[in-house]
Amino acid sequence: MEAVQTTANPPSFESVWAALQETDRIIKENAKQHDRGMKEYAEQHDRGMKEYAEQHDRDMKVIREIQEATDRRIGKLGSRIGEIIEHLVAPNLREKFRELGYDFPKANPNSDVTDRTNNIHLEIDVMLENGEKALLVEVKTKPTTEDVQDHIKRLEKMRIYADLHGEKRTFLGAVAGAVMTDNVKEYILKQGFFVLEPSGETFNIVPPNNKPKEW
């Protein structure tokens with residue numbers, strides 16, 4: 001007896017075409033949904049970035065205002081400290097340095113050294129003097145390492161000027177500041193300078209880490 005083989009009826013063209021059209025519709029709908037989603041995401045991202053930028057600008061404005069106010073206060077304090085050191089504390093500088101073993105009978109604020117022939121000019125906020133040594137004090141509101149380097153150059157010019165004019169004294173350096181960061185203070189001391197910093201109604205003198213440098 002022969003086996004009876006049955007063959008399923010193949011799908012009709014119409015059913016295949018309908019399936020393809022449905023698949024195409026689904027793909028297009030998914031693409032539209034994807035595009036809408038990406039568009040919404042981009043819009044939300046743009047809004048978020050705009051809000052972030054606006055908030056950032058507001059924050060930076062506040063920070064700038066605080067910094068400007070701080071700078072003004074520091075500037076006023078620095079001017080006050082500078083005036084005190086240059087005009088009122090100069091005599092007390094002598095007493096303070098005498099406690100450290102340095103006797104300076106003279107304390108001259110706002111000294112000016114000029115030698116046009118040799119193109120040398122330097123301004124000294126306070127200069128303490130005796131027959132063997134002179135100490136040049138630089139006064140800054142908030143000293144920086146650049147200020148310290150400038151003071152080194154000032155001492156070098158002073159040495160050149162002294163040699164050209166037969167001056168045999170040695171020169172020392174000091175930096176005074178109304179506001180002084182720890183790293184700048186340490187840098188000043190490493191250069192062999194004294195540090196003058198406010199303390200209450202007076203000021204302290206911090207000697208350099210090793211022997212004061214002489215020019």
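Checking the a/c ratio against 1.5 first, then a/b against b/c, what shape does the Cα gyration tensor give for the stretch 88-206? Mind showing how you got there, number by number?
On the way: a/c = 1.91, a/b = 1.34, b/c = 1.43.
Oblate shape, in that a/c is at least 1.5 and b/c is the bigger or equal ratio.
Among 54-60, 136-142, 171-177, what's the highest-first ranking by average C-beta atoms within 10 angstrom per residue? It would help to have the intermediate numbers written out before the result.
Numbers: 54-60: 10.1, 136-142: 22.0, 171-177: 24.4.
Ranked by mean Cβ neighbours within 10 Å, highest first: 171-177, 136-142, 54-60.
Would you please classify the overall shape of the stretch 164-215 from the alpha carbon gyration tensor, given that a ≥ b ≥ c denote the square roots of the eigenvalues, rounded means a/c under 1.5, and beyond that prolate means a/b larger than b/c while oblate covers the rest? Don't skip to the end; give the middle numbers.
Values: a/c = 2.72, a/b = 1.85, b/c = 1.47.
Judged from the Cα gyration tensor, the stretch 164-215 comes out prolate (a/c at least 1.5, a/b above b/c).
By per-residue mean of other Cβ atoms within 10 Å, what is the highest-first order of 33-43, 119-129?
Numbers: 33-43: 10.0, 119-129: 17.3.
My ranking of the peptides, most packed first, is 119-129, 33-43.
Every number here is computed from the coordinates shown, using simple stated rules; none is lab data. Being a predicted model, the structure only gives us computed values, none of them experimental. Cβ atoms come from the backbone with ideal geometry, glycine included; neighbour counts cover every protein chain shown.
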